[in-house]
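Step one of this worksheet: look at the structure below.
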Amino acid sequence: MSRIARRFAKLSAEGRAGLVTFITAGDPDLSVSAEILAGLPKAGADLIELGMPFSDPMADGPSIEAAGHRALKAGTTLRRVLAMAAGFRKGDTETPLILMGYFNPIYSYGVERFAVDAVSAGVDGVIVVDLPPEVDAELRVPAVVAGLEVIRLATPTTDSVRLPRVLDGAGGFLYYVAIAGVTGTKRAAIGDIAAAVARLKASTALPIAVGFGIRDPESAAAVARYADASVVGSAIVDRIAHGLDETGKPGPALIGDVLSFVASLAAGVRGARVQAAQ
Amino acid sequence: MQSVSARPNTYRAGPDEEGYFGLYGGRYVAETLMPLILAVEKAYSQAKADPSFQAELDYYLRDYVGRPSPLYFAEPMTRHYGGAKIYFKRDELNHTGAHKINNCLGQALVARRMGKTRIIAETGAGQHGVATATVAARFGMSCTIYMGEIDIARQKPNVFRMKLLGAEVKPVSSGSRTLKDAMNEALRAWVSDVEDTFYIIGTVAGPHPYPAMVRDFQSVIGKEAREQMQEREGRLPDTLVAAIGGGSNAMGLFHPFLDEDAVRMIGVEAGGGGVETGRHAASIIGGRPGVLHGNRTYLLQDDDGQITEAHSISAGLDYPGIGPEHSWLHDQGRVEFVSVTDTEALDAFQLCTRLEGIIPALEPSHALAHVGKIAGDLPKDHLLLMNLCGRGDKDIFAVAERLGFDI
């Protein structure tokens, strides 16, 4: 059983949904980012998405775009992202680590080499925003050979005609993008999310993680009542941005502040179904 | 995907069903956009097969745009260089002053067939923005144009024209604040407003079907030029020259000639301060294949696959990529790619203005500069056809600044 499958099995045994946290590798710099990453499991992250920064993040809003630019300015490269993943894995053998980003840096690195190096760095899965099912074979095939799970995205525009295409070949879990929009902007109505999760559950046995527009413990908890996991990205990245001084340097409270925010999200997610049952 | 191979039976069959020209093209977009792109593809292929669509397009091209654009024998330039006979395809005489309207008109008619009520577009020099705002005004659609802050500063007249035409111009402040970033922002806007909105991409790039659709709408340039040259000289031209940013005017001119082996084709990229300086916009000459804005193509990028900024005096060529069909034609060896610097383009701009009484846009000034490099060495019966794809009124402020005039 893969690390991702084991983690969802454990969550299911505990009768709760998971918290998936996103940070961009190298934001605001490589060492602070590595420290945040190392602290995430203890703060309550059940799965971790680690963003691979890209100069032109077309599906992201201003928060994650700015995080990517900070990371690139700090000298982050795909090779360094993989090194960071390997460093994380030395201290944590159980928390699934998923790389998320855009195709060009991977294509430039070499797709097969990326898949092999990611697996040996202890990475479990990859989400590539600009590789829809129609074109993802060029990554998916070498990834599957190397043992890297390719996680697919479903969105409000993925209708019932299209859904089988998205599910065919999907690995790890299904990431439901709750809004038609970019990260960190709109919020979906919880009723719409519940209906979408139910629709997806009827078509797949994969766990469903829901992201986009989840910004605080309350919204993370609301989603956790229906989905297998709540994904929070922009709101965490905003905390990082908030902890920078006027020259862009990380202030002394940054890491602690980010991790305590994650802990509050985790408390929301963990209490969600208990609260709902009462 | 097909692999690169020996000369195909035809260069005009692409793309394949998945939108590839050899290795290049494809549909590298977020899942949210995928259903929209498939809907655009379906609507376009239905329109293409519908004679009433072509008739409607022809009507507007003639009576609204003013086509066919003339084929003009540039006698003073020909005398000046003393070699090949130089002809201009005068797409700068189109309504709105450039070739961009050919494509906008076609896409607006497709959008109307799809029942869309809102148009968005990206723009660099502002020519595509103006053309888009124009067709949106004509067909009563609301219109938002995304434009980099730097381009807004250097293309003020076009910004005002777009506003007069009723479009909202949204400044883009991310990244290099030019065309690439405007395209990112337009794609984001499309993802966020999927129901009513049609995205009119201005060049032969983006996810399938855009590269093929834009090429088809721009091919009117080459089709007319073929007939006009036959009528005028009794044969086809020997060499075609066109400027290339994304490459829509060049593809429009080249495509109807691709299977004529005797016709040489040269695409002129923007060399900025010189390709060797790293400050340029020459994707083929100074870049390598990668994936951006929905397609695989030659891109300016660093060793880590991060897109680097393009540099050109011409806002319309200031883009770090090129249409995927050009990338394929380059690998096939069918089209030659060269580059021309800012300074060379400025010299050509002034020369054409004084000799021909035509103020060319800075974009075709690059093509003109290359014409100047080769015309003198070609025989007098050599027919050299250049696409004068835009007029330079929009550029006079930028040129004045560069030449040290205060206007």
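The values are calculated or read from the model by the stated rules, or taken from the named source; none is laboratory data. Model, not experiment: these values are computed from the prediction. Backbone-built Cβ (ideal geometry, glycine too); neighbour counts: all protein chains shown. Areas reflect the complete protein model, heavy atoms only, side chains present, ligands, DNA and RNA absent. Shrake-Rupley method; radii C 1.70, N 1.55, O 1.52, S 1.80 Å.
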Name every residue in the stretch B:143-175 that is more than 14 Å from every other protein chain (Cβ to nearest Cβ), of a type in the set (K, R) and in a strand (DSSP E or B), in order of residue number. none
Does the stretch A:162-179 hold any residues that are more than 29 Å from A:V111 (Cβ to Cβ) and either within 9 Å of chain B (Cβ to nearest Cβ) or surrounded by fewer than 18 Cβ atoms within 10 Å (Cβ to Cβ) (or both), and which are they? A:I179
Condition first: more than 26 Å from B:L109 (Cβ to Cβ), part of a loop (DSSP other than H, G, I, E, B), more than 14 Å from chain A (Cβ to nearest Cβ) and touching a His at 6+ places or on another chain (Cβ under 9 Å). Can you find one or more residues in the stretch B:7-21 that meet it? yes
Can you tell me which residue in the stretch A:11-22 is farthest from A:A272 (Cα to Cα), limited to those that are of a type outside the set (S, T, N, Q) and out of contact with any strand residue (DSSP E or B) (no Cβ under 9 Å at 6 or more places or on another chain)? A:A13
Identify, please: which residue in the stretch B:300-335 is of a type in the set (D, E) and under 17 Å from the mean Cα position of the chain (by Cα) and is, among those, farthest from the other protein chains (Cβ to nearest Cβ)? B:E325
Look at A:D60 and say whether it is within 24 Å of B:E185 (Cβ to Cβ), open to solvent by 10 Å² or more (accessible area, probe 1.4 Å) and either away from every other protein chain (no Cβ under 14 Å) or modelled with pLDDT under 95 (or both). yes
Are any of the residues in the stretch B:363-378 closer than 24 Å to B:Q228 by Cα, open to solvent by 20 Å² or more (accessible area, probe 1.4 Å), modelled with pLDDT of 95 or more and not in a helix (DSSP H, G or I)? yes
Selection status of A:A220, over 23 Å from B:L36 (Cβ atoms), open to solvent by less than 10 Å² (accessible area, probe 1.4 Å) and not hydroxyl-bearing (S, T, Y): yes
Find all pairs meeting these conditions: Cβ atoms under 7 angstrom apart; at least six residues apart or on different chains; first residue within the stretch B:1-20 and hydroxyl-bearing (S, T, Y); second residue modelled with pLDDT of 70 or more and assigned to a loop (DSSP other than H, G, I, E, B). B:T10/B:D259; B:Y11/B:L258; B:Y11/B:D259; B:Y11/B:R334
Would you mention how many residues in the stretch B:57-79 are buried (at least 17 other Cβ atoms within 10 Å of the Cβ) and of a type outside the set (F, W, Y)? 10
Criterion: away from chain A (no Cβ under 14 Å), free of Cβ contacts under 8 Å to residues at least 24 places away in the same chain and part of a helix (DSSP H, G or I) - qualifying residue of B:A111, B:A55: B:A55
I'd like to verify a number: residues in the stretch B:25-42 that are part of a helix (DSSP H, G or I) and either farther than 17 Å from B:V135 by Cβ or touching a Lys or Arg at 6+ places or on another chain (Cβ under 6 Å) (or both), how many? 11
If I filter the stretch B:80-89 down to residues being part of a loop (DSSP other than H, G, I, E, B) and out of contact with any His (no Cβ under 6 Å at 6 or more places or on another chain), which single residue comes out as least open to solvent (accessible area, probe 1.4 Å)? B:G83
Out of the stretch A:145-161, which residues are more than 8 Å from chain B (Cβ to nearest Cβ) and touching a strand residue (DSSP E or B) at 6+ places or on another chain (Cβ under 7 Å)? A:L148, A:E149, A:V150, A:I151
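Table: residues versus (1) more than 19 Å from B:G392 (Cα to Cα); (2) open to solvent by 60 Å² or more (accessible area, probe 1.4 Å); (3) without any contact (Cβ under 8 Å) to a residue 24 or more places away in the chain; (4) touching a Lys or Arg at 6+ places or on another chain (Cβ under 7 Å).
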| position | (1), (2), (3), (4) |
| --- | --- |
| B:G129 | no, no, no, no |
| B:R138 | yes, yes, no, no |
| B:M162 | no, no, no, no |
| B:T178 | yes, no, no, no |
Please go through (1) within 14 Å of chain A (Cβ to nearest Cβ); (2) within 22 Å of the chain's Cα centre (by Cα); (3) farther than 20 Å from B:I119 by Cα for B:K89 and return the number of the only condition it doesn't satisfy. (1)
Breaking point among (1) closer than 23 Å to A:V123 by Cβ; (2) touching a helix residue (DSSP H, G or I) at 6+ places or on another chain (Cβ under 7 Å); (3) surrounded by fewer than 22 Cβ atoms within 10 Å (Cβ to Cβ), for A:R225: (1)
Which of (1) within 26 Å of B:L38 (Cα to Cα); (2) in a helix (DSSP H, G or I) is the odd one out, the single condition A:T183 does not satisfy? (2)
For the stretch B:204-311, list the helices (runs of 4 or more DSSP H) that sit wholly inside it and hold at least 1 residues that are charged (D, E, K, R); which are they? B:210-218, B:220-233
Check the stretch A:207-225 and report whether any residue there is assigned to a helix (DSSP H, G or I), modelled with pLDDT of 95 or more and either more than 19 Å from A:L19 (Cα to Cα) or in contact with an Asp or Glu (Cβ under 7 Å, 6 or more places away or on another chain) (or both). no
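Residues checked against (1) among the aromatic types (F, W, Y); (2) crowded, with 23+ Cβ neighbours inside 10 Å; (3) within 20 Å of A:V150 (Cβ to Cβ); (4) away from every other protein chain (no Cβ under 14 Å):
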{"site": "A:M84", "(1), (2), (3), (4)": "no, no, no, yes"}
{"site": "A:K90", "(1), (2), (3), (4)": "no, no, no, yes"}
{"site": "A:T93", "(1), (2), (3), (4)": "no, no, no, yes"}
{"site": "A:N104", "(1), (2), (3), (4)": "no, yes, yes, no"}
{"site": "A:Y109", "(1), (2), (3), (4)": "yes, no, yes, no"}
{"site": "A:F114", "(1), (2), (3), (4)": "yes, yes, yes, no"}
Being buried (at least 22 other Cβ atoms within 10 Å of the Cβ), in contact with a Phe, Trp or Tyr (Cβ under 7 Å, 6 or more places away or on another chain) and at pLDDT below 95 narrows B:G267, B:G245 down to just B:G245
Counted residues in the stretch B:358-379 being within 21 Å of the chain's Cα centre (by Cα) and among the charged types (D, E, K, R) come to 1
For the stretch B:72-109, enumerate the residues that are closer than 13 Å to B:G357 by Cα and among the hydroxyl-bearing types (S, T, Y). B:Y72
Looking at (1) part of a helix (DSSP H, G or I); (2) within 12 Å of chain A (Cβ to nearest Cβ); (3) open to solvent by 10 Å² or more (accessible area, probe 1.4 Å); (4) not small (G, A, S), find the lone condition where B:M183 falls short. (3)
Take B:Y24 and decide whether it is open to solvent by less than 10 Å² (accessible area, probe 1.4 Å), of a type in the set (F, W, Y) and within 14 Å of chain A (Cβ to nearest Cβ). yes
A careful count of residues in the stretch A:40-68 that are outside any helix (DSSP H, G or I) and either touching a His at 6+ places or on another chain (Cβ under 7 Å) or on the phi < 0 side of the Ramachandran plot (or both) gives 17
